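Computed from the coordinates by the stated procedures, all read-outs in this text should not be read as laboratory data. Everything numeric here is computed off the predicted structure, so don't read it as measured data. We place every Cβ from the backbone using ideal geometry, glycine too, and count neighbours over all the protein chains shown.
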Amino acid sequence: MTELALVTGGAGLIGSHLVDRLLRDGHRVRVLDNLEQVTHRGDRPAWIPDDVDFHHADIRDRDAVERALRGVDVVFHQAAYGGYMPEIAKFVSVNSLGTAHLLEAIRDSRLPVRKVVVASSQAVYREGAGECAVHGVVFPGARALDRLRSGRFAPTCPLCGADVVSVPTPEGAPVGGQNTYAITKLDQEQLTLGWSRQTGIPAVALRYSCTYGPRQSLFNPYTGVIAIFATRLLNGLPPVLYEDGLQTRDLVFVEDVAEANLLAATTDALDGLAVNIGSGTPTTIADVARLVSAALGIDIAAEVHGEFRPGEMRHLTSDTSLAAAAGYAPRVALADGIARYLGWVAGQGDITEYFGAAERGLRGRGIIQAVAPG
Ligand SMILES: NC(=O)c1ccc[n+]([C@@H]2O[C@H](COP(=O)([O-])OP(=O)(O)OC[C@H]3O[C@@H](n4cnc5c(N)ncnc54)[C@H](O)[C@@H]3O)[C@@H](O)[C@H]2O)c1
Ligand SMILES: [Zn+2]
């Protein structure tokens with residue numbers, strides 16, 4: 001059956017791959033996207049196909065949202081303000097209030113939407129799960145600032161205080177991520193799932209891990225680590241590692257995330273749930289830097305500058321068994337995905353490096369802080 005899908009944020013990294021995937025299956029697609037200037041430069045990106053019904057509008061504009069929802073069967077809500085941006089009010093207004101508008105519009109106009117899939121994030125967790133030698137699998141809290149300042153980065157067992165070893169994090173882990181982005185991603189997830197319980201309209205929240213791939217913004221200095229390292233290396237600059245570079249992340253290729261959205265829309269096995277979507281494999285950030293520089297053939301070693309970002313997790317690898325039981329199977333290995341991303345970057349012309357200047361602003365606001373062993 002072909003359907004009309006609304007993809008909010010459909011001009012962005014994940015949204016645009018989801019659009020391609022939906023069109024390939026024969027669905028009709030509408031996009032609502034305001035082409036946020038932190039992510040995009042200029043007009044409608046060339047990768048939005050002509051047969052998409054493109055609404056250039058803000059998710060906070062209630063009338064525009066109502067127009068975009070007309071005749072829609074399924075909503076993929078990807079639009080969000082993201083990353084380590086310094087704003088607080090804008091996160092709350094775009095992510096939390098924007099989601100509220102979308103949900104109210106569907107409910108109050110009694111629109112026949114059959115499902116809402118909302119983009120959440122692994123950022124909602126406090127810290128990745130850990131294994132304590134004495135207490136087994138535990139859920140450490142966010143790391144204390146004084147420990148980070150003294151260069152002690154390992155998360156600790158909440159029962160005995162011993163350092164723990166990272167293990168995959170299941171959906172049942174406590175939420176309560178510390179930065180503004182994380183707080184508002186949890187808002188989006190909880191607003192949507194609570195609304196679903198009230199209205200009876202099925203909804204799924206997908207907690208993506210770090211997603212990368214072609215079309216990841218090269219202008220946004222707060223974007224993903226692979227894009228940042230690639231633009232630094234291409235400008236002859238070393239990748240900069242926070243902490244000691246041995247923190248781990250779960251990096252997932254964008255097409256696997258798009259596929260997970262299709263799955264969430266078609267199975268009812270995940271309805272009402274928050275579901276991890278990732279590769280299930282940890283990679284240290286230092287290894288990410290090595291993989292990117294090897295793939296580019298640019299031999300510049302990454303540097304540790306003795307800095308950290310308060311509220312950031314040390315380790316997070318998604319336990320994806322819930323999604324896997326419903327049929328989710330990520331396909332693209334990290335080295336292949338990096339090669340595909342760099343192939344796309346090579347076609348983008350001159351690459352300017354915006355990260356260094358952005359970092360200076362973040363230091364001034366305490367979002368990046370110095371380790372001061374003493
Ligand atoms: N990329 C990741 O690593 C990652 C990880 C976890 C969760 N997510 C979530 O996935 C979703 C998509 O992220 P992405 O990586 O594709 O980011 P992206 O920045 O590439 O895409 C987001 C899109 O939303 C649009 N947008 C932003 N503010 C808007 C507004 N006020 N009104 C309408 N549109 C607006 C932007 O113009 C952009 O096209 C987001 O909800 C994000 O929080 C991303
Ligand atoms: Zn313990």
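Quick notes
- A helix-only calculation puts the chain at -9500 deg cm²/dmol for mean residue ellipticity at 222 nm, using -39500 (n - 2.57) for each DSSP H run of at least four residues, averaged over all residues.
- Radius 10 Å from Cβ of D73, net charge of other residues (Lys, Arg +1; Asp, Glu -1): +2
- Annotation: Cα Rg of the stretch 67-222 relative to the compact-globule expectation 2.2 N^0.38 Å equals 1.23.
- Near A203, the amide H atoms lying under 5 Å from its own belong to V116, G272; only residues 5 or more places off or on other chains count, and H is placed 1.01 Å from N.
- Applying Stokes-Einstein at 10 °C and 1.306 mPa s to the Kirkwood radius of the stretch 259-306, computed over alpha-carbon pairs, gives a translational diffusion coefficient of 112 µm² s⁻¹.
- Each residue of the stretch 2-12 was assigned a 3J(HN,Hα) from its phi angle through the Karplus expression (A = 6.51, B = -1.76, C = 1.60, θ = phi - 60°), giving 8, 10, 9, 9, 9, 10, 6, x, x, 8, x Hz with x at Gly and Pro.
- In terms of other Cβ atoms within 10 Å, F308, F229 run from fewest to most in the order F308, F229.
- Over the Cα atoms of the stretch 220-293, the radius of gyration divided by the Kirkwood radius equals 1.10; this is the Rg/Rh ratio.
- Simple point charges give the picture: +1 on the Cβ of Lys and Arg, -1 on the Cβ of Asp and Glu, and for the stretch 219-325 a dipole about the Cα centre of about 300 debye.
- Relative packing of 328-338, 3-13, which averages over residues the other C-beta atoms within 10 Å, highest first: 3-13, 328-338
- P(r) tail, the stretch 222-374: Cα-Cα pairs separated by more than 19 Å, 60% of all pairs.
- Between E307 and E243, V371, the built amide H atoms are under 5 Å apart, and every one of these is 5 or more places off in sequence or on another chain.
- Highest average packing first - 315-326, 295-306, Cβ atoms within 10 Å: 315-326, 295-306
- Part-to-part distance (alpha-carbon centres) for the stretch 59-110 and the stretch 170-214, which is given in Å: 14
- Taking every full run of DSSP H in the chain, the ones that stretch at least 27 Å from end to end by Cα along their long axis and average -1.0 or higher on the Kyte-Doolittle scale are 180-199.
- 3J(HN,Hα) from dihedral phi, the stretch 123-133, Karplus parametrisation 6.51/-1.76/1.60, rounded to Hz, x for glycine, proline: 4, 5, 6, 7, 6, x, 4, x, 10, 9, 4
- For the chain, the Cβ-based charge dipole about the Cα centre amounts to some 480 debye (Lys, Arg positive; Asp, Glu negative; other atoms uncharged).
- Long-range tail of P(r) for the chain (Cα pairs > 40 Å, %): 11
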